[in-house]
Structure formats: structure tokens, C-alpha cells
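All remarks here apply to the structure that follows.
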Amino acid sequence: FTIYPESDGIDFDLEKAKTLLVEPKEQYEIQLIITKPTKTTQQIGTEAFPDLLATFSTNYKASNTNRTTNLKLSAGKINGTVLLPGEEFSYNKIVGERIIAAGYKEAATFSGGKVVDGLGGGICQISSTLYDAVVMANLEITERRNHQFVTSYVGAGKDATVVWGSQDFKFKNTRKYPIRITATVQGGVATVQVWGLREEVEYDITIETKKTATISYTTQYIQDASLPAGQQKVVQEGNNGRKVESYKVTKLNGQVISRTLLSKDTYNAMKKIVRVGTGE
């Protein structure tokens, strides 16, 4: 089968146009009619994507209901997305703005060097899970950035952060045939799969990471009159940062045929924050 992307059509009422042209004018205004396609690529049946090309999963705490809600919303947006050969995927375009009206909740996110609650916190877990699946499906990454800090759900060098309006995750379907993305969030596991049609030669692809440097964390002390003098309270644990290199390792019949640099990423150290009592 050959699949063509849908597009809107433009039409006009021929008889009305003829009526307008009867009267001699220098300029005529004819109302256009926009026609919508009756079928779109998103309605292609699953039979067009018989082969599982790649799958990747990450874990989350189902007890954190706000964050789980955000994961399910973002996964639901990308679930079922079809990309034709040469078509580019934009995470921000597909998922949309993370706002209250869309159902997103406040959950932990990185901001200003700290872990704070933010609207839509957690959706980067879905973009990161998608990133690994996309690389393993041998698709071309066109835009990707790492997080400010190392995440808990995927290793350094294997994540993809997104911020509405400034940071996106994009990739292109560089395969011969259309692909379909499925995404599920249930039972503490988020899974993204890439489906399509196997080509004559298929490669086994993994992501290999190598730490090249460690960035030691520092400790920040904040005076707090609400605590008795001499008492301390740790409000944020410190974590070392690191520099890593990530490689796309391509194998055929168990033999490595290429090892390509994907990225060089720097993850900041997360400072330890301690409140020191100055009260009575």
C-alpha cells in the first residue's frame, strides 16, 4: 500500500462566482470553502504496523496521584500517533501546553536548581521513555536536551527534557515505511512502543553511556529563626552531578557494526540545603 498524508482542500461555489462576474468590477471577492479530509493518517488501522520495532519502559510511583495524572495525560496524547516516512514528530506540538484546563496537576519538577512543585511535573518521564524507544527503533533525533539534574527514572544520558515554549523533543521517521507510537501508563510502569513494518535489514540498537567526570555537590546553610539555636534541618539532600557521553551502538547478527556518539551531557550537582536554627 502507498499512504499519502492528508491535507485540507479549498473549494468555492462556481455558480455564485459566475453571478458575481456578471457585474464589471476591477476586483471580485469570492468566498472560499475549506474542505476537511474524511480520512487521516491517524486513522490507519493497526494491521499496517504488524512489527514491534522497539519498546522501552520506566517506573513511577503510582501512589503519587498528581504525577501519575500528568503521565497518563501526556502518554494519552502521543498514543496512536502515526508518522509517515520523512515526517517529524514534535513532543510539544502533540502534547500541547501543560495547563490546568487540560487537566494537568502540580507535581515535583526541576526549577532554579531545586526540586519544586510545578504544573505538569513528570511529563518529561514520558518524553524520556519515548526518546529511548525512538533511538532503539533507529529513527533520527532532530532535537533533544538533557535535564538539569540526573533523573530517578532513567540513567544519565538517556533522558529528554521538555519545556513548553522553549525546549522540545523532536525526531524524524527515517524508515521506509510509516510508524505508529503506542504509550501506556499503568501499574507503576510507563511504556512506549514503536510499531511498523520491518525492512530487509533490521539492526539491534542500544544506548551505551560513559561517565567522563563527577561534579561534587556543595552545601548551602540558611539561617532560620523558627528553629531553636543549634538545631539543623535538611530540606534538600545533595547529589553529585556528572558529565556523560552517550553512544548509539548498532549490531547486526550480534556483531557491532557502528558506535555513534549521540550526545555529550552535563548534569549539575544538586546542592544540599540545610536550615540552621537561630531562634531561642
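Give me a count of the residues in the stretch 249-258 that are open to solvent by 70 Å² or more (accessible area, probe 1.4 Å) and not in a strand (DSSP E or B). Number satisfying all stated conditions: 1. Taken over the stretch 259-275, the criterion of being at pLDDT below 95, open to solvent by 40 Å² or more (accessible area, probe 1.4 Å) and part of a strand (DSSP E or B) is satisfied by K272, R275.
Taking the stretch 123-138 as the range and being touching a residue at least 60 places away in the same chain (Cβ under 8 Å), assigned to a helix (DSSP H, G or I) and either open to solvent by less than 10 Å² (accessible area, probe 1.4 Å) or aromatic (F, W, Y) (or both) as the test, the residues that pass are Q125, I126, S128, T129, L130, D132, A133, V134, V135.
Rundown of residues vs (1) more than 16 Å from the chain's Cα centre (by Cα); (2) open to solvent by 80 Å² or more (accessible area, probe 1.4 Å); (3) not charged (D, E, K, R), yes/no style:
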residue: D8; (1), (2), (3): yes, yes, no
residue: L53; (1), (2), (3): yes, no, yes
residue: F56; (1), (2), (3): no, no, yes
residue: N79; (1), (2), (3): no, no, yes
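Is it true that P85 is in a loop (DSSP other than H, G, I, E, B) and within 16 Å of R180 (Cα to Cα)? Answer is yes for this residue. The criterion of at least 1 residues that are in contact with a Gly (Cβ under 9 Å, 6 or more places away or on another chain) and open to solvent by less than 50 Å² (accessible area, probe 1.4 Å) is met by the following strands (runs of 3 or more DSSP E) wholly inside the stretch 153-248: 179-186, 204-215, 219-228. Scanning the stretch 1-54 for residues that are modelled with pLDDT under 85, closer than 30 Å to D204 by Cα and among the small types (G, A, S) returns G45, A48.
The values are calculated or read from the model by the stated rules, or taken from the named source; none is laboratory data. These figures come from a predicted structure and were not determined experimentally. Backbone-built Cβ (ideal geometry, glycine too); neighbour counts: all protein chains shown. Each accessible area value is taken on the protein alone, full model and side chains, heavy atoms only, with ligands, DNA and RNA left out. Shrake-Rupley method; radii C 1.70, N 1.55, O 1.52, S 1.80 Å.
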